[in-house]
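Scroll down for the structure; my scribbles are underneath it.
Readers should treat all values here as calculations from the given coordinates under stated rules, not as data from a laboratory. As the structure is a prediction and not an experimental result, all values here were calculated from the model. A quick note on method: Cβ atoms are made from the backbone with ideal geometry, for glycine too, and the neighbour counts reach across all protein chains shown.
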Amino acid sequence: MKGLYLIPDKTNIEESLQLLKTYQGAYEYNDFFLPDILDDKKKQLEIIEYYAKVRNDFSKDTMHGAFLDVTPHSTDRRIREISELRVRQSMDIAKEMGLRGVVFHTNRIYGFRDAAYLKNWKETNKVFFTSICEAYPNQQVFLENMFDEAPDVLRGLAEEMIDYSNFGVCLDYAHGAISGTKAEVWMKELAPFVKHMHINDNDLKNDLHAAIGEGQIDWKKFHQEIELYKVDASVLVEVSGIEKQVKSLEYMKQNHIYPV
């Protein structure tokens, strides 16, 4: 599902809506992932009501779900319980709004390749996200590479989840670029499972969330990889604020970068 996504800029909402209209895009909401918001139903409703006043259709939109300390693969039962609560709270908001999908993180320990840990991560997440996909059949669940060192573990889970049409990978290309594994390897390995993407720029060392074209990522190569591996996914330009969004989109348009 090709399509452009932006984070709404509430401080410049009219400009934000116009930019969305110009590029025929959709929103990805970053308003709901903090624990204090997840525990405050009144605040959630205020945010939803605000967006409902300026946007009459949420069906193509997505949101970033809870990710801070969320580890459903933990061997600690209490941590698993609160992680499940946060994920389900996120999914409930998406269901209430009628959103297309929700992004969560892998939240693996970077570089920890212990066989038992990786086996538990895959098996526990398979059981967990199977239950989530079955409980929320009308929402997509996108699992994003965080600071994973290589794509093999996420790919392994995606292969296990292939029968669930509402589960897919959110490939964060910028995270891949600083992982120690070439970004192209991430694209190649995950391409069959990628349904959503996050892109922004960096110096190939730090997760900077810079405007597209401001850093060291080779965006023409990114576009070539999209075509080579036949990726058909929606893309969030994950930068905040109108200025950085406009700069990113102008660069992408001038250089014919997917999906602009």
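Details
- Put in order of Cβ neighbour count within 10 Å, fewest first, the listed residues S234, S74, S83 become S74, S83, S234.
- Value at 222 nm in deg cm²/dmol, rounded to 500, when DSSP H runs of n ≥ 4 in the chain each add -39,500 (n - 2.57): -13500 deg cm²/dmol
- Taking T71, T181, T22, T62 and counting other C-beta atoms within 10 Å, the order from fewest to most: T22, T181, T71, T62
- Whether region 3-254 is rounded, prolate or oblate, judged on the alpha carbon gyration tensor where a/c under 1.5 counts as rounded: oblate
- For region 3-254, the relative contact order comes to 17 percent (Cα pairs under 8 Å, sequence separation of at least 6).
- With a cut-off of 11 Å between beta carbons, the residues surrounding A177 carry a summed charge of -3, where Lys and Arg count +1 and Asp and Glu -1.
- Rough spin-label spacing in nm, given labels placed 7 Å along Cα→Cβ, for A135 and V54: 3.1 nm
- Each of Y50, Y27, Y251, Y110 was scored by other Cβ atoms within 10 Å of its Cβ. Arranged with the fewest first, they read Y110, Y50, Y251, Y27.
- Share, in percent, of DSSP beta bridges within the chain that are antiparallel, nearest 5: 5 percent
- For the chain, with +1 on Lys and Arg beta carbons and -1 on Asp and Glu, the positive-most of L157, I79, I13 along the dipole: L157
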